[in-house]
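The values are calculated or read from the model by the stated rules, or taken from the named source; none is laboratory data. Fair warning: this is a prediction, and the values are worked out from it, not measured in the lab. Because the Cβ atoms are built from the backbone with ideal geometry, glycine has one as well, and the counts that use them run over all protein chains shown. Surface accessibility is based on the protein's heavy atoms, side chains included, excluding ligands, DNA and RNA. Shrake-Rupley method; radii C 1.70, N 1.55, O 1.52, S 1.80 Å.
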Amino acid sequence: MIVMERFKMFQVSENKRYFEKNGTPFFYLADTCWSAFTNIEEKDWEYYIDYRKAQGFNVLQVNMLQQWDASQTDLDIVPFKVNQDGSFDFNIYNEQYFERAGRMIAKATEKGLTIALVLLWSNYIPDTWASQMPVKQPGQLPKDMILDYVDKVMGLYDQYEPIYVISGDTDFQTSEVIEEYYNVALNRVKKNNPNALTTLHIRGRENDIPRVLKENSNLDFYMYQSGHNSDFQSMSYQLAEAFYQKEPKRPLLNSEPCYEMMGYSRKVYGRFSREDVRKAAWQSVLSGAFSGVTYGAHGIWSWHESRLGFNTNIGEAFETPYDWRDALHFKGAWDYAYIKEVIESYDLFDMVPLQELLKNDTSDIRVSKNENYIILYIPSNITIKLEGDYTSKQMMYIDLENKEKMLPESIYLVDLNITRVSMHRFTRDALLIIKK
């Protein structure tokens with residue numbers, strides 16, 4: 001039996017910009033493991049959570065129901081009774097499935113990891129892009145079951161203080177979906193537990209959520225998704241800028257940047273590298289999504305066994321994942337852990353975007369500040385131009401791949417009111433940290 005201090009995990013800060021744990025600022029660093037409850041053997045689950053915990057992760061994002069585009073598995077365990085045609089009978093819960101999920105959530109909680117639990121993935125909801133895909137699916141959760149389903153999940157797992165992610169990868173096509181599915185579920189969560197944290201996981205490139213949800217005080221923080229389309233990677237900072245300006249003000253994070261070694265969506269040839277996913281993360285964090293970030297490895301989210309299959313035609317049509325044993329050790333996860341280390345060690349929780357300071361002709365370089373520091377993310381090496389005189393300030397470059405450091409030179413151009421900061425000597429992306 002796990003004994004925990006009640007409601008002392010994640011809380012929202014008073015200024016509504018970041019999370020706290022026991023009154024201390026706390027950076028949300030999640031790994032994406034959507035398919036955990038259907039695909040992972042429990043002995044492998046413990047190995048996985050021990051490894052991520054050691055890296056510094058503190059949240060695991062998991063789908064409560066069967067992930068529609070997961071890899072194949074030998075486990076043959078799903079949340080509902082299966083009809084002869086392969087669809088779910090949503091009136092009959094598979095209690096073994098929910099008991100197993102409970103053991104897995106308990107184990108993660110015991111290890112100090114919070115589960116961000118997605119309740120209603122979009123393919124289980126009518127009139128969403130996922131439910132409209134012309135592929136075989138298990139069916140849609142009846143509207144009159146939403147309250148019973150939420151009550152069941154919370155009755156089983158609320159003791160472990162999960163974050164409740166009301167929607168999964170969703171768009172908002174109809175008022176019925178918005179008000180009678182998602183808003184009903186959101187309000188039920190808060191009625192059952194006013195202290196529970198809630199959010200929405202939305203489709204890639206969605207730059208807003210419906211007014212009735214946005215203005216609902218039961219919603220605690222914003223998630224956006226910059227996604228896996230190689231043509232739209234600027235969404236990592238563009239969506240951060242958009243959501244940072246929204247009212248009411250809430251903590252904000254990129255819940256699904258491009259995943260490491262994920263094939264580009266729509267079967268476009270190529271895969272996202274370690275540097276690509278690091279770029280998406282830093283651009284998000286320094287553009288307004290200061291409260292956290294989520295990592296993903298292609299092979300972990302779907303929990304892929306290389307001897308088994310993966311349907312590359314479902315959903316966003318990704319190429320075959322790596323075996324989970326390989327994907328777990330991708331180096332990009334350490335880069336995301338380093339983001340958390342930088343944010344916490346420099347106490348950057350109160351940052352604000354400061355893009356107007358940059359005089360280089362690019363939006364890829366991102367700039368933020370707080371009371372003590374100015375931070376720049378520089379994806380490709382260039383002489384940096386800043387408005388104003390910073391030549392008396394302490395500056396340091398950090399190579400984000402190897403964590404090496406160097407001190408730059410700077411010169412102030414009086415006529416232009418610009419400080420030029422010399423290029424670093426690294427061959428990959430870097431941070432420039434200026435002590436004010």
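A few remarks follow.
- Accessible surface of the chain, 1.4 Å probe, proportion on carbon and sulfur as whole %: 45
- Within segment 153-261, the GluC sites (Glu not before Pro) that combine a DSSP coil assignment with at most 11 other C-beta atoms in a 10 angstrom radius are Glu215.
- Among beta bridges that DSSP assigns inside the chain, antiparallel share in %, nearest 5: 60
- Local electrostatic count at Ile125 - Lys and Arg +1, Asp and Glu -1, tallied over other residues with Cβ under 11 Å: -4
- Total formal charge among the other residues, if their Cβ is under 14 angstrom from that of Lys136, Lys/Arg +1 and Asp/Glu -1: -2
- Rolling a 1.4 angstrom probe over the protein heavy atoms with all chains in place gives segment 236-304 an accessible area of 25 Å² per residue.
- Near Phe318: Cβ cut-off under 11 Å, other residues only, Lys/Arg at +1 and Asp/Glu at -1. The net charge is 0.
- Among the trypsin sites (Lys or Arg not before Pro) within segment 1-90, those in coil by DSSP and having at most 15 neighbouring Cβ atoms inside 10 Å are Arg6, Lys8, Lys16.
- Under the combined filter of DSSP loop state and at most 10 neighbouring Cβ atoms within 10 Å, segment 314-367 retains none of its chymotrypsin sites (Phe, Trp or Tyr not before Pro).
- Rounded accessible area per residue of segment 388-432, 1.4 Å, Å²: 61
- Heavy-atom surface of segment 51-184, accessible at 1.4 Å and reported per residue (Å²): 37
- Too-long pairs where the Cα-Cα distance tops 21 Å, listed order kept, from Lys16/Lys246; Lys16/Lys359; Lys53/Lys214: Lys16/Lys359; Lys53/Lys214
- Structure-based [θ]222 nm, the chain - -39500 (n - 2.57) summed over DSSP H runs of at least 4, per residue, nearest 500: -6500 deg cm²/dmol
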